[in-house]
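Only the coordinates and a few stated rules stand behind these numbers; no lab work does. Since we're looking at a predicted model, the values are computed, not measured. Cβ placement follows ideal geometry from the backbone for every residue including glycine, while neighbour counts extend to all protein chains displayed.
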Number of protein chains: 2
Amino acid sequence: MKDIELNDMYKDVFPFWDGLSEEDRAYICSTTQYLRYDKSKNIHNGNKCTGAFVVKSGCLRVYIMSDDGREVTLYRLYSGDMCMLSASCVIQAITFDVFVDAEENTECLLINASVYNSICEKYTDMKIYTLELAVSRFSDVMWSVQELLFKSLDKRLASFLWDETRRSGSDTLKMTHEQIAKYMNSAREVVSRMLKYFASEKIVELSRGGLKIIDSEKLRELAF
Amino acid sequence: MKDIELNDMYKDVFPFWDGLSEEDRAYICSTTQYLRYDKSKNIHNGNKCTGAFVVKSGCLRVYIMSDDGREVTLYRLYSGDMCMLSASCVIQAITFDVFVDAEENTECLLINASVYNSICEKYTDMKIYTLELAVSRFSDVMWSVQELLFKSLDKRLASFLWDETRRSGSDTLKMTHEQIAKYMNSAREVVSRMLKYFASEKIVELSRGGLKIIDSEKLRELAF
């Protein structure tokens, strides 16, 4: 990407951008890496300080992982979002590790951690923006955690199906059980069993590679 | 408390204190409420913006709660700690609700949320301190969550017993199963069952209102 395009993109993403000196803006742009990742590629791994990713297109999934490989999704980032947790060295108060995967084919801009850090130290607005971003991710994470700890699976599955079909405006969902399980931080077997139960209750109709909502009223009742 | 004592306490707690004007320091001190809470008393409840609690003595427990009353402890605050989550209106990026109980007889100072907010807006250092505190709580919460989601109960109970006895320097723990369950975010029945299993494995010896570690090597192996 040309520096002038980068400058325009950062201007949209960062409310503090115009407050930086021309020199500092140019420094960030000239040291930015443009990266393309294929779907499912891991792009940040635990305790390294990779830097701050800005999503240009596609989707990044941020998650934590247990020793035996269980994953729990914390949140997803889309075009224009910045991932701070992969630059935990910038915010010293962050002392836990996350993983980041490209969930679709994704284009990213990577701002080097030490570049980000050195400029952040100079501008209070940038520092406050960065901390506020981390705190708002904290809120996202708390939502996921409460969902996961407190809602039983039937409710969680019902509200997932409700949200997805409301969002797409269609009563048909083209997702495999595997994909639904991944979105819900659950296992495929568990989701399949619950979907079969939903089908037996005439809430959904299952088909190859997808499902159709046939009783949205019942689904809504279950979800809320 | 006299304002002069308050001033000394805040000086110890807040690194930004000396940077405030004399007028603003006096404003915070004169509007501070001194409060005493009995053990087990709920002192903050969900989505209200109670203000910023500073613990003078005792212990506050910060937790989330499900609709059906299940609690998950996020962290505990001791003397000199400040609770920001009870003043979520100060940090707008915080959009989730917590509960706070006094876990022991506790003395607190309560800084009114709008006083805190108005002074925070004037001083960048105070704002950054407040945000950094919230982010470091984010880290505490992530530790609790990972523990809860990823560790199986035998490991969690073993590491709890290990930590507690190491801390006290004694092989005897004077806590009821109910209390242990509360600390571990679990149910009494589940903890009692696991303790009986530990007793059958000759790891602990159970007694009325407590237990004794009889094989600390085995306990350590289980915990790590």
Just going by the charge dipole of the stretch A:54-127, with Lys and Arg at +1 and Asp and Glu at -1 on Cβ, which of A:Cys59, A:Tyr123, A:Ser79 is farthest out on the positive end?
A:Tyr123
What average count of beta carbons from other chains do you get within 10 Å of the Cβ of residues in B:106-119?
0
Starting from the Cα of A:Cys89, step 7 Å along the direction of its Cβ; do the same at B:Arg36; then give the gap between the two resulting points in nm.
5.1
From the Cα centre of the stretch B:102-141 to that of the stretch A:97-135, the distance in Å is 24
Within 10 Å, count the other beta carbons around each residue, average over each peptide in A:164-177, B:102-115, A:187-200, and list them highest first.
B:102-115, A:187-200, A:164-177
What is the average number of partner chain Cβ atoms found within 10 Å of a Cβ in B:75-83?
0
Arranged from highest to lowest average of other beta-carbon atoms within 10 Å per residue, in what order do the peptides A:46-56, B:39-49, B:23-33 appear?
A:46-56, B:23-33, B:39-49
Would you tell me the mean number of C-beta atoms belonging to other protein chains that fall within 10 Å of each C-beta in B:137-145, as a whole number?
6
Among rounded, prolate and oblate, which fits the stretch A:184-224 when a ≥ b ≥ c are the square roots of the eigenvalues of its C-alpha gyration tensor, a/c under 1.5 means rounded, and a/b larger than b/c means prolate?
oblate
Out of every Cα pair in the protein assembly as shown, what percent are spaced more than 34 Å from each other?
46
Using alpha-carbon positions, the gyration tensor of the stretch B:155-224 gives root eigenvalues a ≥ b ≥ c; with a/c under 1.5 called rounded, otherwise prolate if a/b exceeds b/c, else oblate, the class is rounded
Please state the relative contact order of chain B as a whole percent: Cα pairs under 8 Å, 6+ residues apart?
19
By the rule of another cysteine's Cβ lying under 4.7 Å, the cysteines of the protein assembly as shown that fail to get a partner are A:Cys29, A:Cys59, A:Cys83, A:Cys108, A:Cys120, B:Cys29, B:Cys59, B:Cys83, B:Cys108, B:Cys120
Cβ-vector label at 7 Å, A:Thr95, separations to other copies in nm
2.9
Which distance in Å, rounded to a whole number, links the C-alpha centroids of the stretch B:167-224 and the stretch A:1-32?
57
Are there chymotrypsin sites (Phe, Trp or Tyr not before Pro) in the stretch A:101-192 that DSSP marks as loop and that have at most 16 other Cβ atoms within 10 Å, and which are they?
A:Tyr123
Relative contact order as a percentage, the stretch A:95-224, C-alpha pairs under 8 Å and 6+ apart, gives 22
Which value, in debye to the nearest 20, describes the size of the charge dipole of the protein assembly as shown about its Cα centre when Lys and Arg Cβ atoms bear +1, Asp and Glu Cβ atoms bear -1, and nothing else is charged?
1520
Which trypsin sites (Lys or Arg not before Pro) in the stretch B:57-137 pass both tests, a DSSP loop state and at most 16 other beta-carbon atoms within 10 Å?
B:Arg70, B:Lys122
DSSP loop (so not H, G, I, E, B), at most 15 other Cβ within 10 Å: list which chymotrypsin sites (Phe, Trp or Tyr not before Pro) in the stretch A:56-86 pass both filters.
A:Tyr78
Using the structure shown, list the pairs from A:Lys41/A:Lys218; A:Lys212/B:Lys151; A:Lys151/B:Lys182; A:Lys39/A:Lys174; B:Lys11/B:Lys182; B:Lys11/B:Lys127 with a Cα-Cα distance above 27 Å, or answer none.
A:Lys41/A:Lys218; A:Lys212/B:Lys151; B:Lys11/B:Lys182
Put the label 7 Å from Cα along Cα→Cβ for B:Phe150; what are its distances to the other copies, in nanometres, shortest first?
2.4
Note down the magnitude of the dipole of chain A about its Cα centre, charges +1 on Lys and Arg C-beta and -1 on Asp and Glu C-beta and zero elsewhere, to the nearest 20 debye.
780
Cα pair distances of the stretch B:100-217 binned at 10 Å [whole percent]
11, 32, 25, 16, 12, 4, 0
Given the Cα atoms of chain A, and with Rh set as the inverse mean 1/r over their pairs in the Kirkwood sense, what is Rg to Rh to two decimals?
1.04
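How large is the direction-averaged shadow of the alpha-carbon convex hull of the stretch B:90-149, in nm²?
It is 5.5 nm².
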